[in-house]
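K.L.:
One structure is given below, represented as structure tokens, and several questions about it will come after.
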Amino acid sequence: MPKIVDHDVRRKELGEAAWRIIRREGLDAVTVRNVAKEAGVSLGSLRHYFTSQSDLLAFSMRMISDRVKERIANIKLSGDIRADCETLIEELLPMDADRRNESEIWLAFTGRRLVDPKLAELNAQVYDELYSLFLKLVRAIVRYREAVAGAPCGLDAELEARRLNALVDGLVVHAVSRPDVMTPGMIRSIVRRHLDGLLPEAEEGE
């Protein structure tokens with residue numbers, strides 16, 4: 001009987017092969033030929049799944065985003081808004097080896113968007129998705145604060161979502177650039193200090 005190939009699994013294997021090359025040799029080394037060799041498949045077999053280098057890179061980039069979204073979707077929230085905010089935000093940050101690898105690969109892709117329209121489009125889409133996540137988070141904080149105070153809290157949800165987005169992006173860049181300085185402990189301290197300003201009532205109630 002002919003071997004049955006799970007095409008979704010094979011595409012992911014090829015995407016992961018591209019990740020390994022990026023971390024070992026850099027994004028410029030991610031050619032269709034090199035990825036086929038890394039994954040242990042023929043060039044013709046790889047072209048069955050991806051017709052161009054751009055298609056392969058876009059799929060590999062999307063895989064990073066999908067992994068993060070899957071982790072977030074599987075988080076079991078505790079109902080403690082402060083703890084839940086920290087947990088959600090940390091899923092986006094390089095707090096362990098796997099998330100650091102994701103961050104390094106993502107930044108490589110982000111630089112490539114300047115010359116690859118497909119990656120530029122995908123980068124903009126993921127940026128918007130992240131902003132939507134931050135906006136939902138901040139709106140939940142606003143609802144919490146107003147419920148506690150029984151009055152408007154004065155937070156500009158859209159501005160605070162942009163500020164949180166910028167903070168997270170900056171932490172990713174710093175952690176990848178200087179992991180010896182921007183350690184997981186330092187990242188956690190910065191996130192907590194930021195949340196102190198957004199959730200003073202939660203801080204006081206601890």
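K.L.:
Select, from Arg62, Arg145, Arg112, the only residue that is touching a residue at least 24 places away in the same chain (Cβ under 8 Å), of a type in the set (Lys, Arg) and either over 19 Å from Leu27 (Cβ atoms) or open to solvent by less than 30 Å² (accessible area, probe 1.4 Å) (or both).
P.N.:
Answer to the selection: Arg145.
K.L.:
(1) at pLDDT 95 or above; (2) acidic (Asp, Glu); (3) over 17 Å from Val173 (Cβ atoms): which one isn't true of Asp98, the others all being true?
P.N.:
It is condition (1) that Asp98 fails.
Results for (1) surrounded by fewer than 16 Cβ atoms within 10 Å (Cβ to Cβ); (2) at pLDDT 95 or above; (3) in contact with a helix residue (DSSP H, G or I) (Cβ under 9 Å, 6 or more places away or on another chain), shown as yes or no for each residue.
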| site | (1), (2), (3) |
| --- | --- |
| Leu135 | no, yes, yes |
| Arg139 | yes, yes, yes |
| Ala157 | no, yes, yes |
| Ala161 | no, yes, yes |
| Ala166 | yes, yes, no |
| Val191 | no, yes, yes |
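K.L.:
Here is a further query. Condition test on Asp196, is it open to solvent by less than 70 Å² (accessible area, probe 1.4 Å), touching a helix residue (DSSP H, G or I) at 6+ places or on another chain (Cβ under 8 Å), in a helix (DSSP H, G or I) and free of Cβ contacts under 8 Å to residues at least 60 places away in the same chain?
P.N.:
yes
K.L.:
Give the residues of the range 86-100 that are more than 17 Å from Ser189 (Cβ to Cβ) and open to solvent by 50 Å² or more (accessible area, probe 1.4 Å), sorted by residue number.
P.N.:
Residues satisfying the conditions are Ala97, Asp98.
K.L.:
Applying the selection to the range 70-95, what residues are without any contact (Cβ under 8 Å) to a residue 60 or more places away in the chain and closer than 21 Å to Val126 by Cβ?
P.N.:
Scanning the range 70-95 gives Glu70, Arg71, Ala73, Asn74, Ile75, Thr87, Leu88, Glu91.
K.L.:
Which residue, of Arg47, Arg71, is surrounded by 13 or more Cβ atoms within 10 Å (Cβ to Cβ), basic (Lys, Arg) and touching a helix residue (DSSP H, G or I) at 6+ places or on another chain (Cβ under 8 Å)?
P.N.:
Among Arg47, Arg71, only Arg47 is surrounded by 13 or more Cβ atoms within 10 Å (Cβ to Cβ), basic (Lys, Arg) and touching a helix residue (DSSP H, G or I) at 6+ places or on another chain (Cβ under 8 Å).
The values are calculated or read from the model by the stated rules, or taken from the named source; none is laboratory data. Treat the numbers as computed from the prediction; the structure is a model and nothing was measured. Positions of Cβ are backbone-derived with ideal geometry, glycine not excepted, and every protein chain shown enters the neighbour counts. Remember, those area values only see protein heavy atoms, side chains included, never the ligands or the DNA or RNA. Shrake-Rupley method; radii C 1.70, N 1.55, O 1.52, S 1.80 Å.
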